[in-house]
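Here is the structure we will look at.
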Amino acid sequence: MIQAGRVRLNGAVKRNPETPVNFGFDRIEVDGSAAVAAHKIYLVLNKPRGTVTTASDEKGRETVYGLLPPHPASPKNSTPAPGPGPVNDLEIPWIAPVGRLDKASEGLLLLTNDSEWAARVLAPDTHLDKTYHVQIGRIADDELLSALQKGVPSEGEWLRVKRATRLRSGEKNSWLEIVLDEGKNRHIRRMLEALRAEVLRLVRVAIGPLSLGDLPKGASRPLTPGEKAALDSALSRR
């Protein structure tokens, strides 16, 4: 766009993409319209089982993007308020999941266009707790819970959980609460598979201080300012 002459800097066409710019002082226009920083969007989605966390899928499976409501374009020359807030009057040109939940998993999924913030949420050194409720096809005894916390080998890696507790048990299955402060590919499923426990359901119910709550399955909403501040506070303490 710059080399094509579509971008003006302080009223003059600049064709060198490496031209220095002083953000906050210099005026940048694209095709005659002022370029402004994108409004930061922070959404929480209750991902249903069977959807995939990609923009498109070569197998034609439903993606999480199909669950997001349409967002009309924002009024011209409007300046959205900074920080998290309502998004139903804003255009979302780009938004991405923060991490992944595999097709068979469900529950809390964050989406944002703030890639720096997303990287902090996912960074291994933050050790931000992720809490899951997992139904397994056997009775969970103390030996299983202890093995999850001590760790097991899987595909050349040593996998462990921060905490594992039994929520309830039926005649043939149990619900566990599992907390991870790290996350490897299919972490919980691989551990339970190694321990010969079939995973029937896997639901992420919290990320740090943010809880899924009563958000309906398939529904999404913006993070409240308080929720965003609590997540930021949890990240800053790590």
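The values are calculated or read from the model by the stated rules, or taken from the named source; none is laboratory data. Being a predicted model, the structure only gives us computed values, none of them experimental. Because the Cβ atoms are built from the backbone with ideal geometry, glycine has one as well, and the counts that use them run over all protein chains shown.
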Residue match in the stretch 78-86 (condition: out of contact with any Lys or Arg (no Cβ under 8 Å at 6 or more places or on another chain) and modelled with pLDDT of 75 or more): no
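Residue-wise test of (1) of a type outside the set (Ser, Thr, Tyr); (2) within 23 Å of residue 111 (Cβ to Cβ).
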{"position": "123", "(1), (2)": "yes, yes"}
{"position": "159", "(1), (2)": "yes, no"}
{"position": "165", "(1), (2)": "no, no"}
{"position": "188", "(1), (2)": "yes, yes"}
{"position": "223", "(1), (2)": "yes, yes"}
Selection from the stretch 187-238 of residues part of a loop (DSSP other than H, G, I, E, B) and out of contact with any helix residue (DSSP H, G or I) (no Cβ under 7 Å at 6 or more places or on another chain) yields 196, 198, 212, 213, 214, 215, 216, 217, 219, 223, 224, 237
Elements of type strands (runs of 3 or more DSSP E) in the stretch 86-166, at least 3 residues being touching a Phe, Trp or Tyr at 6+ places or on another chain (Cβ under 9 Å) and touching a residue at least 24 places away in the same chain (Cβ under 8 Å): 106-112, 130-136
Given the criteria closer than 26 Å to residue 193 by Cβ, over 25 Å from the mean Cα position of the chain (by Cα) and at pLDDT 95 or above, does residue 156 qualify? no
Selection count where residues are over 19 Å from the mean Cα position of the chain (by Cα) and either assigned by TED's automatic domain parsing to the domain that holds residue 105 or closer than 26 Å to residue 53 by Cα (or both), scope the stretch 165-188: 3
Condition first: more than 23 Å from residue 117 (Cα to Cα), surrounded by fewer than 15 Cβ atoms within 10 Å (Cβ to Cβ) and in contact with a strand residue (DSSP E or B) (Cβ under 8 Å, 6 or more places away or on another chain). Can you find one or more residues in the stretch 170-191 that meet it? no
